[in-house]
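First the structure, in the form of structure tokens, and then the observations on it.
The values are calculated or read from the model by the stated rules, or taken from the named source; none is laboratory data. These numbers were taken from a predicted model, which means no experiment stands behind them. When we count neighbours, we look across all protein chains shown, and the Cβ atoms used for this are built from the backbone with ideal geometry, even at glycine. The area values use the complete protein model at the heavy-atom level, side chains included, leaving out ligands, DNA and RNA. Shrake-Rupley method; radii C 1.70, N 1.55, O 1.52, S 1.80 Å.
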There are 4 protein chains.
Amino acid sequence: MVQLPPAPARSFASDNVAGAHPAVIEAIAGANHGHAAPYGEDPWTAECEARFRDLFGADVTTLLTFNGTGANVLALASLLGPAEAVICTDWAHITVDETGGPERFLGAKLIDLPAPDAKLTPEHIRSQAHLLGSPHHVQPGVVSITQSTELGTLYSVDEVTALCETAHDLGMTVHMDGARLANAVASLGGGVETLRALTVAAGVDVVTFGGTKNGLLAGEAVVYLRPELARRAPFLRKQVNQLASKMRFVAAQFLALLEDELWLALAAHANAMCRLLHEQVAGIPGIELDGPPVVNSLFPVLPAELIEPLRAWSFFWDWDVSRHQVRWMTAWDTRPEDVLAFAAGVRTACEATASKN
Amino acid sequence: MVQLPPAPARSFASDNVAGAHPAVIEAIAGANHGHAAPYGEDPWTAECEARFRDLFGADVTTLLTFNGTGANVLALASLLGPAEAVICTDWAHITVDETGGPERFLGAKLIDLPAPDAKLTPEHIRSQAHLLGSPHHVQPGVVSITQSTELGTLYSVDEVTALCETAHDLGMTVHMDGARLANAVASLGGGVETLRALTVAAGVDVVTFGGTKNGLLAGEAVVYLRPELARRAPFLRKQVNQLASKMRFVAAQFLALLEDELWLALAAHANAMCRLLHEQVAGIPGIELDGPPVVNSLFPVLPAELIEPLRAWSFFWDWDVSRHQVRWMTAWDTRPEDVLAFAAGVRTACEATASKN
Amino acid sequence: MVQLPPAPARSFASDNVAGAHPAVIEAIAGANHGHAAPYGEDPWTAECEARFRDLFGADVTTLLTFNGTGANVLALASLLGPAEAVICTDWAHITVDETGGPERFLGAKLIDLPAPDAKLTPEHIRSQAHLLGSPHHVQPGVVSITQSTELGTLYSVDEVTALCETAHDLGMTVHMDGARLANAVASLGGGVETLRALTVAAGVDVVTFGGTKNGLLAGEAVVYLRPELARRAPFLRKQVNQLASKMRFVAAQFLALLEDELWLALAAHANAMCRLLHEQVAGIPGIELDGPPVVNSLFPVLPAELIEPLRAWSFFWDWDVSRHQVRWMTAWDTRPEDVLAFAAGVRTACEATASKN
Amino acid sequence: MVQLPPAPARSFASDNVAGAHPAVIEAIAGANHGHAAPYGEDPWTAECEARFRDLFGADVTTLLTFNGTGANVLALASLLGPAEAVICTDWAHITVDETGGPERFLGAKLIDLPAPDAKLTPEHIRSQAHLLGSPHHVQPGVVSITQSTELGTLYSVDEVTALCETAHDLGMTVHMDGARLANAVASLGGGVETLRALTVAAGVDVVTFGGTKNGLLAGEAVVYLRPELARRAPFLRKQVNQLASKMRFVAAQFLALLEDELWLALAAHANAMCRLLHEQVAGIPGIELDGPPVVNSLFPVLPAELIEPLRAWSFFWDWDVSRHQVRWMTAWDTRPEDVLAFAAGVRTACEATASKN
């Protein structure tokens, strides 16, 4: 292997290898004075709930949780009725990456339908409608979509609206896994109006609004856009082990993230860094790439023999081993110099290999 | 109501109304530099695991979690076999205060036996032995004890040892809910040797080692004293929504807590403040009190008409409404002046009432 | 041990050691001609549903099941909402004798309250009302009573009515485990009007109407007295493994049992045989007995040394080993000569022992 | 529509629309004398367990259940470890036709892989091996195959052996859903040796041996080929609501079925009637058919306009509505004259339609 230039200070492994934004740490420290009522009865949490109502421009009910799996399970537990199942794609985080936690806690089937771009369509939903009413089959009750998706793709406002209409017509509700919702909003126009169009106006019932991948230390928000769906949610949050004892510290993080649209700025930055990375690596010999990314991930196919040396130099994950496809992801803290350093190393390795062959 | 003196700066509501110890916040901030592998593959977590091995003086396996309910459910899920049940007292946190989360996730019965002092005895365990082998009854598989207990009582080393022997003789394992284990250790002699005597040497199988109530922002540790019991634990932790994405921030908190025996110092301080509180309120007319506390909680019976005014002045929880019993609890950050101010207010109220009657 | 007279042809072990009534076997054979739609779409099942509407004098929805545990779990699954729990006595079959199946399938806590006579009171229910609304505690949602109870006691119409009122006032529903409901009806007046008074008129929401212990081969009915509660029941029945493939054979059994009030006659007979047994053994030296039985079970205390020899002669079960208490139970097929033979053996044994001491 | 000839006395809807074999009804009546210990402690059950040991030629442990869903769930519950999942095809009864009961009771994911012929291959299993060891993913622990399959196809002895080897090499166990195992054995050579080759010798861990679809009133057997896997099974059977109170009546049915290889004769007959049906309808204009059936089901594609009239004349189920494909199935009681009458009607309808077009 050729000698590679210095590795970037920050890797492209995932957006959760980044730490917390300084404002988040400051907010935690700032909340650490005196006594406060536990379990969300504190003023930070009350303020946070108000801020989410402002953000969504609606009378939403917000419950904070520790992590994304917990947020998803809480949302689904709030929506599912007896003998009901969840429709999702076969790329959905809930079915692929949560170790069966949803099935175990919910006692429900996840109907995970093939979707090469990780996006559900109204046809997917309608394809399951024949199950409705038969006592021999699970009853699809909830449609779960991820925005932005696990493959770095996006639903448009029209697409979300159509999904919600189809689901509601069939008596189902809609959950949006928004672990990276900020990246989607930033990509689709970048303002609070886009957030509202994608959720409240589109007809989504419950959104999980991600924090951890967007600069928090640990925190997600489950936002019930139809507050009557939250009736049992406080009990269910405790049941899924997501009721923080010292809730002020979760709420304070979100207050920092929602302040001055920091959530949008961080996501927009990560998206921009990913576009920069795409520019820098497009055209490097031996790399296969799709078009420019819409959010903060790339899924390049690399020369097989370069994957391990490059990973050893600056870590990243495999995506599809059979195709030598990997994932590169930017984060809120990725800097242009990281992108340039990473692209330089990839280029050096690829060119050396190309010249050998 | 008589005019009360100024309320204390810090209340006696619970040990989770306190914030985080400054060293914990510093540790979080200190861990917030650069990128780190997620999900516990970072150096802070590796160091934390080593520190727990040092602490227990044994080859223990430690898994960090967000909160106590999650830690308990993870521990029990690791221990329970098919069709098995958990024996505990009717005061146990898992049966009283976890909203049925254990039953829902574990799918198992909690056999909660009457225990006026919240302490399980070998006789309790043996009383359930007749269930073993009958296909009509759940099979007691795990004994769960809380140390210190929900009533502020303690198991001695001999008592824990006897419970473990009885449980093991009957083919059961032993879980210790140690949300306030530090307070117990501090009370029972105060050193690492006491911790080991109460756990490893006594024969306990899995301990949850509390952090949140002892100065952390959020964090508990599930310590498998017999590492083979941890075989499936990493998968189960994810299933119970307790795998932190940015684990370094949980690990860093524990590193601060374990440094220079801070965990012991904080717990010993809370215990001492509670003893001071007992001294200050003993003898106030109208208050019924047991003897001096062994850990950090008092359960006084108050004149009925004083409960609401005193609570409005400085918040605390009811314990047994029918008896006008309340709970006062000290924390790692309680100061002597808080105790004196609180006791002064209580005395003022009680004496005014006594003189009226 | 003295020589005992010949043992009875039929034992007093339980009402499920009896076989099926001949009319039930005939009904099964009679239904065994030609093809019939499966899963309850057959004419026998339709007829059976109509007969249950006639029996209860109301527009009830009835779902047939294989066994009593399945019927109870189906009923409770139909009633329980998210994070809800079941209130029952500590003698309840669902908590003592169903191997944790309810907890596992329902994912819910059974709050089993001490009740020396196995009867729940309005006070029991009200004692749990403080849990309502707190996210830290399970929410009592269903009250489950057994009629007649596991201890052979009975609820009066007034008692059931009061329980239902209390439960409904607190937002809970009421399940009646009627595995031996026929014995209760026969004892409390003996007619269909009594059945209706105890259930529909009293305000019960769902009843399981027992068949197996009253002359069927295998079959129980879950009767939804408020049909809207049955909305999800057909799906749940399949989920709990209780949807019979060849349902006609369960329905045919019930048609035989409901014909000409056979269910009442069989239960009344079992009750009468138990009263006869009480008459015959009352006054035998060394036996401690309560007053005459109201249904079909006795719980005598025997001389300790006689239990094993008598059991070897004609089998019966222990009840409370610590008190040398056993259970004797009559069935639909018990004959007077069985009672006389059994009582004669007991008398012989007891008198021989008494004369020795 | 043309006038159709008389409909057959027995339909081709399914093998569970047939009643019970007369010998089964006789066996039930024969077991209905006197008292017998409940819950399987009776002599019929003991004899039945011995007969299953004879049948499999091995020290198997057999637990009887009411129905097939219950049997499958019991088998899987006995095999699954914590955080484990089941690999099956997307046609598997457990994933398609059991209303999510497995997910609810087991709390486990069913990984249902696309298999156009409803048969799993070693490649299917190996394709999931990458999940093993990662705490983010369920751990495949059990492979479930159906023999004969839901599509009327068969695994050869070599195929089952290869699946078992692959599963065991990866640390997984193998469950065979044998609701129609008798049809498979009859087709693959027809003797007890074939049964043993397909199960014990092939390395299967647990088989459910179907009864209901092969002439029983209601009854399935879960046969543990490695008895140590049955250690917790008696408790789990009660938990899944499958412990019959009057077990003698389930055991007696199986004794009749196992007597003189009745199980094989009935299945072979159903298979033969299906081959006859294929002969009779092959070549009818407008019908698309695969080759001769190996077990007892056909999946013809019919002229669209004939489906409803033919169904109204003699009921059968749709299979793939989009392709106008239906399912015709023979049973243990199908007679040649039923086949001829059914084929005659189909021919009349098709020819009339063909002549019109």
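Packing order of peptides B:171-182, D:175-186, highest average first: D:175-186, B:171-182 (average count of other Cβ atoms within 10 Å over each peptide's residues). Residues considered: D:237, D:104, D:226. Largest GNM mean-square fluctuation over chain D, using C-alpha springs under 10 Å, is found at D:104.
Between rounded, prolate and oblate, where does chain A land on the alpha carbon gyration tensor, with a ≥ b ≥ c its root eigenvalues, rounded for a/c under 1.5, else prolate if a/b exceeds b/c?
oblate
The packing ranking of peptides A:72-78, C:229-235, highest mean first, is A:72-78, C:229-235, where packing means the average number of other beta carbon atoms within 10 angstrom of each residue. Computed from Cα atoms, the angle from the helix C:336-356 axis to the main principal axis of chain C rounds to 50 degrees.
So what is the diffusion coefficient of the protein assembly as shown in µm² per second by Stokes-Einstein at 4 °C and 1.567 mPa s, using a Kirkwood Rh over Cα pairs? Present the calculation step by step, with values, prior to reporting the outcome.
Details: Rh = 34.3 Å.
Answer from the Stokes-Einstein relation: 38 µm²/s.
Surface calculation, 1.4 Å probe, protein heavy atoms: residue D:87 sits at approximately 0 Å² accessible. The angle between the Cα long axis of helix A:248-258 and the main principal axis of chain A comes to about 60°, on a 0 to 90 degree scale. For segment A:1-157, the carbon plus sulfur part of the accessible surface works out to 55%, probe radius 1.4 Å. The residue list A:136, A:160, A:234 was ranked by how far each Cα lies along the charge dipole of segment A:102-239 toward its positive end, using unit charges on Cβ atoms, and A:234 comes out on top.
In Å² (nearest 100), what accessible area is buried between D and B, both sides summed, heavy protein atoms only, 1.4 Å probe?
On the way: alone 14970 and 14960 Å², together 28360 Å².
Counting both chains, the buried surface is close to 1600 Å².
Label-point spacing at residue D:305 relative to the other copies reads 6.7, 9.3, 9.3 nm, in ascending order, each point sitting 7 Å out from Cα along Cα→Cβ. With the simple spin-label model, which puts each label point 7 Å out from Cα in the Cβ direction, the residue D:352 to residue C:259 separation comes to 4.0 nm.
Whenever you get a sec, line up D:188, A:55 from highest to lowest accessible area (probe 1.4 Å, protein heavy atoms).
Numbers: D:188 65, A:55 15 Å².
From most accessible down to least: D:188, A:55.
Of all the options D:169, D:112, D:54, the one that moves most in a Gaussian network model of chain D with Cα springs shorter than 10 angstrom is D:169. Charged neighbours of residue D:318, selected by a Cβ distance under 12 Å, balance to +1 (K, R count +1; D, E count -1). Note on residue D:119: lysines with a C-alpha under 29 Å away, same-chain residues under 8 apart excluded, are A:109, A:119, C:238, C:246, D:109, D:213.
Within a 10 angstrom radius of each residue's Cβ in A:12-19, how many Cβ atoms of other chains show up on average? Whole number is fine.
Values: counts 1, 4, 5, 2, 9, 10, 6, 11.
Average neighbour count from other chains, rounded to a whole number: 6.
Against chain D, whose longest principal axis comes from its Cα atoms, helix D:262-281 is set at around 30 degrees.
Shape verdict for segment D:131-243, please, from the Cα gyration tensor: rounded (a/c under 1.5), prolate (a/b greater than b/c) or oblate. Don't skip to the end; give the middle numbers.
Working: a/c = 1.87, a/b = 1.20, b/c = 1.56.
Because a/c hits 1.5 or more and a/b fails to exceed b/c, segment D:131-243 counts as oblate.
For the segment B:205-215, counting C-beta atoms of other chains within 10 Å of every residue's C-beta and taking the mean gives 1. Would you mind telling me the antiparallel percentage of the DSSP bridges in chain D, rounded to 5? Beta bridges within chain D, antiparallel portion: roughly 50 percent. In chain B, helices alone account for a calculated mean residue ellipticity at 222 nm of -12500 deg cm²/dmol, with every DSSP H run of four or more residues adding -39,500 (n - 2.57). Which residues in segment D:218-232 place their backbone N less than 13 Å from a point set 7 Å from the Cα of residue D:53 along the Cα-to-Cβ direction? Taking a point 7 Å out along Cα→Cβ of residue D:53, the residues of segment D:218-232 whose backbone N falls under 13 Å are D:227.
Find out how many positive minus negative residues lie around residue B:27, taking Lys and Arg as positive, Asp and Glu as negative, among other residues whose Cβ is under 12 Å from that of residue B:27. It would help to have the intermediate numbers written out before the result.
Working: positive: B:248; negative: B:26, B:47, B:259.
Residues near residue B:27 contribute -2 overall.
For the segment C:125-134, counting C-beta atoms of other chains within 10 Å of every residue's C-beta and taking the mean gives 1. Accessible surface calculations at 1.4 Å, restricted to protein heavy atoms, place segment A:80-185 at 28 Å² per residue. Copy-to-copy label distances for residue C:356, where each label lies 7 Å from Cα along Cα-to-Cβ, are 7.2, 9.0, 9.4 nm in order of increasing length.
Is the C-alpha gyration tensor of segment D:229-357 telling us rounded, prolate or oblate? Criteria: a/c under 1.5 is rounded; beyond that, a/b larger than b/c is prolate, otherwise oblate. Display every interim value, and only then the final one.
Details: a/c = 3.04, a/b = 2.15, b/c = 1.41.
It is prolate, given that a/c is not under 1.5 and a/b is the larger ratio.
Most simply put, the protein assembly as shown has about 50% antiparallel DSSP beta bridges, counting only bridges with both residues inside it.
Among chain B residues, the one whose Cβ is nearest the axis of the rotation from B to D, given with its distance rounded to whole Å, is B:107, 3.
Annotation for residue D:90 and residue D:317: the two label points, set 7 Å from Cα along the Cα-Cβ direction, are 1.9 nm apart.
Sort C:99, A:153 from largest to smallest accessible area, using a 1.4 Å probe on the heavy atoms of the protein chains. Don't jump to the answer; show the numbers that get you there.
Details: C:99 0, A:153 35 Å².
Ranking C:99, A:153 by accessible area, largest first, yields A:153, C:99.
Suppose R0 equals 22 Å. What FRET efficiency, 1/(1 + (r/R0)^6) with r the Cβ-Cβ distance, do residue C:168 and residue C:117 give to the nearest 0.05? The partial results should precede the final answer.
On the way: r = 23 Å, r/R0 = 1.07.
The pair residue C:168/residue C:117 has a calculated efficiency of 0.40.
About its Cα centre, the protein assembly as shown has a charge dipole of approximately 0 debye under the convention of +1 per Lys or Arg Cβ and -1 per Asp or Glu Cβ, with nothing else charged. Taking every protein chain into account, the accessible area of segment A:278-357 amounts to 45 square angstrom per residue (probe 1.4 Å).
A Förster distance of 25 Å, applied to the separation of the beta-carbon atoms of residue B:136 and residue C:272, puts the FRET efficiency at 0.30.
Quick one: net charge around residue A:157, please, counting Lys, Arg +1 and Asp, Glu -1 for every other residue with C-beta under 14 Å from its C-beta. Taking every other residue near residue A:157 into account, the sum is -2.
Take residue C:192, push a point 7 Å out from Cα through the beta-carbon direction, and compare it with the same point in every other copy: 5.4, 6.7, 8.0 nm, smallest first.
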